[in-house]
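Contents: one structure, followed by commentary.
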Ligand SMILES: Nc1ncnc2c1ncn2[C@@H]1O[C@H](COP(=O)(O)OP(=O)(O)OP(=O)(O)O)[C@@H](O)[C@H]1O
Ligand SMILES: [Mg+2]
């Protein structure tokens with residue numbers, strides 16, 4: 001790539017960085033003062049007036065993520081200018097510098113502006129008893145989100161991890177059915193914590209365990225916020241490597257308010273090849289980036305059909321490579337392509353999770369889920385004590 005091309009490309013990549021304060025791009029707001037990109041180094045300078053320190057850090061993270069393929073963090077300098085002060089972020093080290101236009105003596109007050117949905121940060125609570133919390137989401141219903149959540153949990157268990165499942169789908173809780181525990185009733189510990197139900201060695205909790213399937217959906221709305229909070233913080237989760245959350249489908253305010261309350265370590269977006277609208281997916285990914293949740297990647301479900309009697313054949317019923325193309329366009333990872341298999345649906349309907357049935361070992365769906373689990377686990381490898389997953393995850397800001 002020529003130097004000019006590189007600079008153009010970088011300018012394009014950085015043109016989609018958003019101001020977390022209002023969701024507009026820095027470019028749209030006329031905040032970008034200078035972008036200087038050569039083969040070795042990148043300088044990005046923008047006007048930071050009205051941007052809180054927390055939001056500034058989010059912008060820095062999104063810049064380093066957006067150009068991660070081209071520059072290591074230490075080769076990136078982010079300079080901010082404002083009416084009264086300036087500071088600089090170079091790679092991982094922050095230092096206050098004197099900008100030519102600034103008067104450092106009168107540091108600009110950092111306005112604590114609230115975004116539409118409130119920025120991520122201080123109010124976020126860790127879930128006691130779970131090292132990593134992963135949210136499984138989808139833009140649309142019926143794409144196999146719950147199937148992915150449950151089988152990812154068992155695939156991680158097959159890797160030797162201790163995993164729990166939190167069914168946050170208040171309108172269509174499916175875990176009691178998928179785990180064959182429709183009639184289970186959670187108990188409580190002496191400390192009044194809710195005891196999760198054990199299903200094949202995986203503790204889980206679901207709104208479906210507390211309501212009758214006949215209860216009108218309208219009652220559920222008002223309970224919503226409280227229920228997720230309770231499931232995160234008042235359940236006796238213990239010793240989990242991973243807590244997998246099955247979110248309700250969609251990416252609206254309800255989902256956003258759910259994810260912003262807790263310190264979720266990574267999000268997975270499930271889609272089917274024909275359901276993939278890049279624009280919708282971009283909105284879905286934005287939901288996570290707004291609240292500073294790393295997107296681990298996308299999962300394509302129902303990628304192709306594998307007949308039972310010809311397990312080496314692949315029929316691309318819904319078209320080939322839809323999610324892969326979208327993931328490339330959106331600069332996120334494709335974590336797995338999971339085939340359609342009748343046995344997977346049948347196992348789900350009966351409440352016998354496919355990935356808990358050793359008889360399926362080696363089949364295309366089995367292998368796809370094991371790969372997914374390995375990819376997810378790899379995102380967090382060696383980062384138990386650090387803030388962010390490393391490895392190959394990327395964030396998307398647009
Ligand atoms: N790869 C697959 N092969 C065969 N059947 C599948 C596959 N993935 C999901 N299914 C089936 O598709 C149906 C929908 O899946 P699921 O309930 O997991 O979707 P969902 O996205 O959670 O839906 P909802 O929006 O209702 O929560 C189920 O009957 C499930 O068994
Ligand atoms: Mg579901």
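What follows draws every value from the coordinates through simple rules; no lab data is involved. Keep in mind it's a predicted model, so treat the numbers as computed, not measured. Every residue, glycine as well, gets a Cβ built from its backbone with ideal geometry; the counts of neighbours run over all protein chains shown.
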Inset, instruction - May I ask for the distance between the Cα centers of segment 327-378 and segment 244-315, given as a whole number of Å? - result: 14 Å
Legend entry - Cβ-Cβ FRET estimate between residue 325 and residue 28, R0 fixed at 30 Å, reported to 0.05: 0.70
Inset, instruction - Using packing as a proxy for protection, rank 334-345, 22-33 so that the peptide with the highest average count of other Cβ atoms within 10 Å comes first. - result: 334-345, 22-33
Inset, instruction - Can you figure out the FRET efficiency of residue 346 with residue 192, using R₀ = 45 Å and their beta-carbon distance, to the nearest 0.05? - result: 0.70
Legend entry - Point-to-point label distance, residue 308-residue 257, nm (Cα→Cβ direction, 7 Å offset): 4.6 nm
Legend entry - Peptides ranked, highest mean first, by Cβ atoms within 10 Å: ranges 235-246, 364-375: 235-246, 364-375
Legend entry - Rough spin-label spacing in nm, given labels placed 7 Å along Cα→Cβ, for residue 229 and residue 315: 5.0 nm
Inset, instruction - Only Cα pairs under 8 Å and at least 6 apart count here; give the relative contact order of segment 130-379 as a rounded whole percent. - result: 26 percent
Legend entry - Sites residue 12 and residue 185, calculated FRET efficiency, Cβ-Cβ separation with R0 56 Å, nearest 0.05: 0.50
